[in-house]
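The values are calculated or read from the model by the stated rules, or taken from the named source; none is laboratory data. Just so you know, these numbers come straight off a predicted model, no measurement behind them. Cβ: placed from backbone, ideal geometry, glycine included. Neighbour counts: every protein chain shown. What goes into the accessible areas is simple: the full protein's heavy atoms, side chains included, and nothing from ligands, DNA or RNA. Shrake-Rupley method; radii C 1.70, N 1.55, O 1.52, S 1.80 Å.
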Amino acid sequence: MIGMTALAGPSADAFWAASLRRWNAVCWVLFAAMAVGLAATDRPGGSRYGALALLGCVVLCYALLDRFPDNPVVRPHVYLSVLVLALGGIAYLRSSYAALFMVTLPHYWMFGRTPRASMGFLGLATAATLAGTWSRQGWSLEFFSETLVSTLIVVAVGVLIGLWAHSVVAQSTERARLIVELERTQAELSEAHQRQGAADERERMARDIHDTLAQGFASIVVLAEAARAGLAADPARSAQQLRSIESTARENLAEARELVGSAQRQDGAAAGSVARTLRRILDRFAEDTGLTVAADLADVGCDQQTRIALLRCTQESLANVRKHARASTVGVILARRPYGVELEVTDDGTGFVPEESAGFGLDGMRKRLAELGGRLTVTSSVGDGTRILAVIPLETHGEARDKGSEGMG
């Protein structure tokens with residue numbers, strides 16, 4: 001039974017395999033009935049024993065092929081060849097070959113492997129039975145009216161059923177192949193999504209480190225150099241700078257803890273007023289650099305992602321002013337507009353050509369804002385200062401989320 005299923009093809013579906021198992025059981029019953037019928041029929045001479053011997057050869061080959069499908073002697077085409085010869089012999093010896101022919105009709109399709117081979121063996125079996133019957137009956141009316149017509153009708157029906165069965169198996173094979181291909185594609189897509197997610201997370205962490213820890217360490221270095229240079233000339237100023245170093249280091253430690261915590265939670269909860277946080281950043285910047293800072297900060301309500309983006313853009317802009325601008329005045333405006341929240345940072349420094357800038361900071365700000373549906377505009381020219389404008393649509397990332405939550409509620 002297992003051998004029959006294996007010969008039908010590994011891709012045959014469960015229905016086809018179950019049908020083969022049922023037919024296998026029926027075959028043994030029919031073979032036994034045929035043997036009893038041949039033995040019980042009283043015919044003169046040795047035709048009875050010859051027919052039984054031929055039937056025994058067929059049954060033996062079928063049993064070997066069914067129980068031991070990998071045996072080196074009886075292969076599928078060997079069995080079909082034996083079946084063709086046995087049909088011709090029984091048709092010549094007796095007139096009861098039709099039972100064996102009909103019982104074994106599905107075997108040509110089950111063991112033929114291909115439609116062409118199956119139809120070839122079926123054609124040989126048809127020719128063998130007709131030749132055997134003709135040798136016994138001659139060109140008689142019985143041969144034409146009963147044997148030839150009935151045999152051709154049975155063969156035609158068998159061909160149609162066999163071709164249909166092969167098409168079912170072919171469709172099942174194609175369906176199984178498509179399912180395997182789909183599962184493989186889904187696995188590859190899932191792996192690609194995981195890799196992309198890991199890459200996005202690394203990029204986000206890199207931006208956060210650049211916008212927070214790296215900027216804080218740069219500020220500590222600048223303050224430490226200034227404090228060391230002024231230890232003898234201005235001890236009070238150096239002491240103030242040392243306090244600023246301590247405060248900046250504490251803030252960096254808090255930022256580091258915040259970065260670690262943000263990787264473990266994605267609650268999106270607000271963490272205080274954006275305006276108050278920006279005010280503390282600007283006061284520290286003015287204290288460390290001695291620059292004049294003019295700030296107009298509206299108390300804008302927004303979600304955590306927007307808040308972090310505004311803080312990071314401010315920190316990066318101020319870091320650029322500290323390192324490159326050589327400015328005397330910095331202006332910061334935070335306002336709520338009809339289209340969202342707007343952050344503007346300006347300075348009266350040396351300026352630069354935005355198209356020639358290849359720094360990580362501006363690129364990181366653009367990507368951070370793009371993730372929230374916002375945009376970054378940089379306006380600057382040499383000698384005319386710089387204007388950084390960040391716009392984030394709150395409707396998309398703040399109010400839209402609240403509306404979605406209310407709708408679900």
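Residues of region 301-319 that are buried (at least 21 other Cβ atoms within 10 Å of the Cβ) and closer than 16 Å to SER380 by Cβ: CYS313, GLU316, SER317, LEU318.
Output the residues belonging to region 59-113 that are in a helix (DSSP H, G or I) and among the acidic types (Asp, Glu). Passing the criteria: only ASP66.
Per-residue answers, yes or no, for (1) within 30 Å of THR126 (Cα to Cα); (2) within 30 Å of the chain's Cα centre (by Cα):
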residue: LEU163; (1), (2): yes, no
residue: GLU174; (1), (2): no, yes
residue: ILE179; (1), (2): no, yes
residue: ARG195; (1), (2): no, yes
residue: ASP200; (1), (2): no, yes
residue: ILE209; (1), (2): no, no
residue: ILE220; (1), (2): no, no
residue: ALA229; (1), (2): no, no
residue: ASP234; (1), (2): no, no
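Do the conditions hold for ALA294, that is, is it open to solvent by less than 60 Å² (accessible area, probe 1.4 Å) and out of contact with any helix residue (DSSP H, G or I) (no Cβ under 9 Å at 6 or more places or on another chain)? Yes: the conditions hold for ALA294. Restricting attention to region 350-409, the residues being at pLDDT 90 or above, of a type in the set (D, E, K, R) and either assigned to a loop (DSSP other than H, G, I, E, B) or farther than 25 Å from GLY301 by Cα (or both) number 0.
In region 117-134 there is no residue that is assigned to a helix (DSSP H, G or I), loosely packed, with under 14 Cβ neighbours inside 10 Å and among the β-branched types (Val, Ile, Thr). Filtering region 282-305 for residues that are within 24 Å of LEU213 (Cβ to Cβ), among the polar types (S, T, N, Q), at pLDDT below 90 and touching a Gly at 6+ places or on another chain (Cβ under 9 Å) leaves a non-empty set.
Among the residues examined, GLY50 does not qualify as closer than 19 Å to THR147 by Cβ, assigned to a helix (DSSP H, G or I) and either open to solvent by less than 20 Å² (accessible area, probe 1.4 Å) or at pLDDT 75 or above (or both).
For region 112-134, residues that are at pLDDT 80 or above and among the basic types (Lys, Arg) total 1.
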